[in-house]
Amino acid sequence: MKIQNTYELRKAVDRMIDNIKITDIHTHLFTTDFNDLLLWGVDELVTYHYLIAETMRWVDISYDEYWAMSKQEQADLIWDTLFIKNSPYSEACRGVLTVLEKLGLDVSSRDLNSYREYFKQMTVDQYIDKVFEVAGVSSIVMTNDPFEDAEREVWLGDYKADKRFKTALRIDPLLNAWNTKYKCLKEWGYDVKEELDENTLKEIRRFLNDWIDRMNPLYMAASLPPDFVVPEESSRSKIVEECIVPVSLERNVPFAMMIGVKKLVNPQLQVAGDSVGKGDVGTVEYLCAKYPHNKFLVTMLARENQHELCVAARKFRNLLVFGCWWFLNNPSLIEEMTRMRFELLGPSVIPQHSDARMLDQLIYKWTHSRKIIADVLFDKYNDIIATGWTIEEEEIQRDVEKIFGKNFWDFLEREF
Ligand code: HDL
Ligand code: ZN
C-alpha cells in the first residue's frame, strides 16, 4: 500500500522495525549445553564488564579486592556506586534499567534484591524463551572458541544444539598467539611446529576443517589488533592467506575480521581491560581485492575507521560491514554510523549486532538500536519522498528484513 504522508511513513517504519524478528550475528551467548558459560539474571547483568570498568573509576578498593568479592558482592558494589550514588545514564547502566522495565519490574523501587527474587522463580529454558520473545530475536550467532577448554569439552562431548543459537568458529589464538598456541594443535594431534612450513600450513587447514565439520559455523571470526596488517612478514599474515582464506573459500564459511582491539591496556581490569586503536582499512581492501571470490564480514572498533570502511565496502561486493561494536554501541555513535552507512551503502549493510554477553542484554541492546535505526531510516525515506518519490509499505518491509537479517543470510548464500 502506498505511503501517503509523513505521519503514515513514521507509523509504518516504527511498526515494521518494532516487529521484525532479528538475526543477531555476533554475541557471546551459549546454549544450555555449555552450562555456566550461558550468563543470565540481574547479578550477571549488573557485573557486565562495561559496568566494572565504570565502577572502578569511582571506588578506592584495589582491583584485587574487587575480583576477590562474590558475584553478589560485586553486583551490590556496582549497583550502589553507579545506580544509587550516581545517576545511571551511561549506556551500559541505562541498559540494565531497560531490561528491568521490559521484564515488567518496578525500576523506580531501585531494590536490587526484589529484582533478584524475580529471577529465582525462572528456569534458564523459560528465560531463554522469554528473552528471545521480548527482544524480538529469531536467532543469534554464538562465539565458539575451540581453544577455550570449557567450550572444547562440550564440543567433544554431548553438544545437543538449539536451532536459535547458531555457531561461529572463533580463532583469535591461532592468529594472535601462534608462537605459543601451536603447542595446543600439536597436543590435539596436528603435526605442526612453530615454523610455518608447508606441512604445518596443511595441518592448520586440517584443524580449521575439522572444527568446521564439528561446529557447522556460519563464519570464522577473529578479533584483531589495530596493527593487523596483511600482507606482512608475520605468522598471522601467513596463516590468514595460506590457511584462513583457502579454507573459507572451499567451505563457503566467510571470514569475519573484528579489527582495532588493544588488548589489556589495564590488565588488572581483566576482561574489562581492553581498549581501542585505529586499524588499517588497506588490509581489508587488499584481502577483498586479492581474493574476490572470498567473503569478508568486517567490523572495526575505532570511530575513526568507520568512514573509510564504508568507502571500502563501496568498492567490494564481497565485503559486508556489520555492527556498532563495543565502544561504538552508544546512541550517539550508532546514529552517526548508521546515517553514514545508509548514505554510502543504502540497505547493503548490517547496521547492528548486540555483542550480548548476558542473555538479558538482547532486550536492551536491541530495544535501544531499533529506535535509533528507525529514526535514521525514517529520515532517509522522508528525504526521497520529498523529491516526489513514492514508496509502498511492502518496500519498507523488504528493506527492514534485509538490514535486520536477510542481508546476512543472503551473503552466506551468494557466490562471488
Ligand atoms: O572480541 C570480542 O568479540 C569483543 O566483543 C569482546 O568480547 C569484548 O570484551 C566485548 O564484550 N565487547 O562488547
Ligand atoms: Zn564480541
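The values are calculated or read from the model by the stated rules, or taken from the named source; none is laboratory data. None of the values given here were measured: they were computed from a predicted structure. Glycine gets a Cβ as well: all are built from the backbone with ideal geometry, and neighbour counts include every protein chain shown. Accessible surface is based on the protein model in full, side chains and every heavy atom, while ligands, DNA and RNA are left aside. Shrake-Rupley method; radii C 1.70, N 1.55, O 1.52, S 1.80 Å.
Overview of results
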item	result
Residue that is most open to solvent (accessible area, probe 1.4 Å) [pool: residues in the range 381-408 that are without any contact (Cβ under 8 Å) to a residue 40 or more places away in the chain and outside any helix (DSSP H, G or I)]	Trp389
Verdict on Ser139 being of a type in the set (Ser, Thr, Tyr), within 30 Å of Gly405 (Cβ to Cβ) and out of contact with any Pro (no Cβ under 9 Å at 6 or more places or on another chain)	yes
Residue check for Leu185: farther than 25 Å from His293 by Cβ, open to solvent by 20 Å² or more (accessible area, probe 1.4 Å) and away from ligand 2 (no atom under 16 Å from the Cβ)	no
Residue in the range 349-363 that is away from ligand 1 (no atom under 16 Å from the Cβ) and surrounded by fewer than 22 Cβ atoms within 10 Å (Cβ to Cβ) present	no
Residue within the range 303-319 that is in contact with a strand residue (DSSP E or B) (Cβ under 9 Å, 6 or more places away or on another chain), among the aliphatic types (A, V, I, L, M), closer than 23 Å to Thr27 by Cβ and assigned to a strand (DSSP E or B) present	yes
Single condition Ile25 does not satisfy, out of (1) within 16 Å of ligand 1 (Cβ to nearest atom); (2) touching a Ser or Thr at 6+ places or on another chain (Cβ under 8 Å)	(2)
All positions within the range 154-165 that are surrounded by fewer than 20 Cβ atoms within 10 Å (Cβ to Cβ) and either within 16 Å of ligand 2 (Cβ to nearest atom) or over 21 Å from the mean Cα position of the chain (by Cα) (or both)	Val154, Trp155, Leu156, Gly157, Asp158, Tyr159, Lys160
Filter result for Glu413 (open to solvent by 50 Å² or more (accessible area, probe 1.4 Å) and under 15 Å from Met16 (Cβ atoms))	no
Among residues of the range 288-302, those that are open to solvent by 10 Å² or more (accessible area, probe 1.4 Å) and in a helix (DSSP H, G or I), counted	2
Residue within the range 383-392 that is of a type in the set (A, V, I, L, M, F, W, C) and within 26 Å of Thr27 (Cβ to Cβ) present	no
Residues that are of a type in the set (A, V, I, L, M, F, W, C) and in contact with a strand residue (DSSP E or B) (Cβ under 9 Å, 6 or more places away or on another chain), drawn from the range 39-59	Leu39, Trp40, Leu45
Verdict on Asn266 being in contact (Cβ under 8 Å) with a residue 12 or more places away in the chain, away from ligand 2 (no atom under 16 Å from the Cβ) and of a type outside the set (Asp, Glu)	no
Residues of the range 353-372 that turn out to be within 15 Å of ligand 2 (Cβ to nearest atom) and basic (Lys, Arg), as a count	2
Count of residues meeting criterion [farther than 17 Å from Val311 by Cβ and assigned to a loop (DSSP other than H, G, I, E, B)] in the range 322-346	5
Near pairs, Cβ below 8 angstrom, 6+ apart or cross-chain, from the range 354-380 (part of a helix (DSSP H, G or I)) to any residue that is among the aromatic types (Phe, Trp, Tyr)	Gln361/Tyr48; Leu362/Phe132; Val376/Phe342; Leu377/Phe342; Lys380/Phe342
Qualifying residue in the range 265-272 (condition: open to solvent by less than 10 Å² (accessible area, probe 1.4 Å) and modelled with pLDDT of 95 or more)	no
Matching option when the condition is free of Cβ contacts under 8 Å to residues at least 60 places away in the same chain and surrounded by fewer than 19 Cβ atoms within 10 Å (Cβ to Cβ), among Asp125, Asp129	Asp129
Hits in the range 119-149 - residues which are of a type in the set (A, V, I, L, M, F, W, C) and in a loop (DSSP other than H, G, I, E, B)	Met122, Met142, Phe147
Pick from the range 224-240, criterion touching a residue at least 12 places away in the same chain (Cβ under 8 Å) and open to solvent by 10 Å² or more (accessible area, probe 1.4 Å), ranking: nearest to ligand 2 (Cβ to nearest atom)	Pro225
Members of the range 67-86 that are free of Cβ contacts under 8 Å to residues at least 60 places away in the same chain and over 26 Å from Tyr118 (Cβ atoms)	Ala68
Looking only at the range 323-348, and only at residues there that are touching a residue at least 60 places away in the same chain (Cβ under 8 Å) and touching a helix residue (DSSP H, G or I) at 6+ places or on another chain (Cβ under 8 Å), the one that is surrounded by the most Cβ atoms within 10 Å (Cβ to Cβ)	Asn329
